[in-house]
Amino acid sequence: MRTARETLSQIAQRLADVTETPQFEAELLLCHVTGWNRARLIARLDDPVDTSVLEPLVARREQAEPIAYILGTWEFYGLELAVEAPLLVPRPETEHLVEIGLTHLPKAGARALDLCTGTGCVALALGHESGAETLWATDINPVAIRVATENFRRHDLPVHVGQGDLFAALPTAVEPFHVILSNPPYVEAGTWEGLAPDIRNYEDPGALLSGDDGLDCLRQIITQAPMRLVHGGLLALEMGETQGATVCALLEARGFVDVAITKDLAGLDRIAHGIWDASSTSSVL
């Protein structure tokens, strides 16, 4: 048998054309099959390891299957989540949604909504960090509802879950929210074939594509959100890096104030957000 050190080197070489972080992913896969954490792995690099279970997992990753699907879990905001194909794998830039939401929640009686929840990552992180009194998470995909519910139970977080198209998944009598967050579909339909194979071949196009300009879902959310927000409530939306000016204009036209953009760690426009002004006379878009 090869040592752990030799095994890591071989896996990293095989994954070099698939990922920008082959060594990190090699470590994740080896930890997954051995049950070791990273510290134990580093301490046991010269120990022999059985690679028979590891081989089919590496072969899957060589085909560009997202490593989160192979592992079955992924970390978001320091929390481990169950992840299942074809749900979107939680990404670091989406953590900015949580950060923005946390700054706007009241200290008592907070009510928040996560639209297009997917794995439930945003609602889970927001609830875990804030202790919000009322949390809702909605998605149109029944797989998302099942996996998100599993994640909420795993972390013992009480979240109301609704299946349906955006706000239609909510009961009419739900009180308006202080914060609405969403990582909705925002990819232009014509760009699908140019996306990376780990996205194009595995993730749900319904959770990514949103019309010719990528703005169909964002428009719908911006139009309908005021009916579900308190006066002074926050709407924050993840978007594509070139969509900032347009999304901000849509928010302002609908009557949102203090509209701004938050950039991700790469310096790209990532989150558009604004405050609902109930005194606005702006018409529906």
Lone qualifier among Leu268, Leu209, Leu218 - being of a type in the set (A, V, I, L, M), open to solvent by 30 Å² or more (accessible area, probe 1.4 Å) and closer than 18 Å to Ile140 by Cα: Leu209
Residue that is open to solvent by less than 30 Å² (accessible area, probe 1.4 Å), in contact with a Lys or Arg (Cβ under 6 Å, 6 or more places away or on another chain) and of a type in the set (A, V, I, L, M, F, W, C), where the choices are Phe152, Phe177: Phe177
Only listed residue being on the phi > 0 side of the Ramachandran plot and open to solvent by less than 60 Å² (accessible area, probe 1.4 Å), chosen from Gly72, Gly35: Gly72
Meets criteria (of a type in the set (D, E, K, R), more than 17 Å from Asp198 (Cα to Cα) and open to solvent by 30 Å² or more (accessible area, probe 1.4 Å)) for Asp17: no
Residues of the range 39-69 satisfying the condition of being among the hydrophobic types (A, V, I, L, M, F, W, C), open to solvent by less than 70 Å² (accessible area, probe 1.4 Å) and not in a loop (DSSP other than H, G, I, E, B): Leu41, Leu54, Leu57, Val58, Ala59, Ile67, Ala68
Of all residues in the range 227-251 being within 30 Å of Pro171 (Cβ to Cβ) and surrounded by fewer than 18 Cβ atoms within 10 Å (Cβ to Cβ), the one that is farthest from the chain's Cα centre (by Cα): His231
Residue check for Thr149: touching a strand residue (DSSP E or B) at 6+ places or on another chain (Cβ under 8 Å), closer than 23 Å to Ala173 by Cα and assigned to a helix (DSSP H, G or I): yes
Only listed residue being among the aliphatic types (A, V, I, L, M), under 22 Å from Ala144 (Cβ atoms) and in a loop (DSSP other than H, G, I, E, B), chosen from Val174, Val161: Val174
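The values are calculated or read from the model by the stated rules, or taken from the named source; none is laboratory data. All values derive from a computational prediction rather than experimental measurement. Counting neighbours? That spans all protein chains shown, and the Cβs are built from the backbone with ideal geometry, glycine included. With ligands, DNA and RNA removed, areas are computed over all heavy atoms of the protein, side chains included. Shrake-Rupley method; radii C 1.70, N 1.55, O 1.52, S 1.80 Å.
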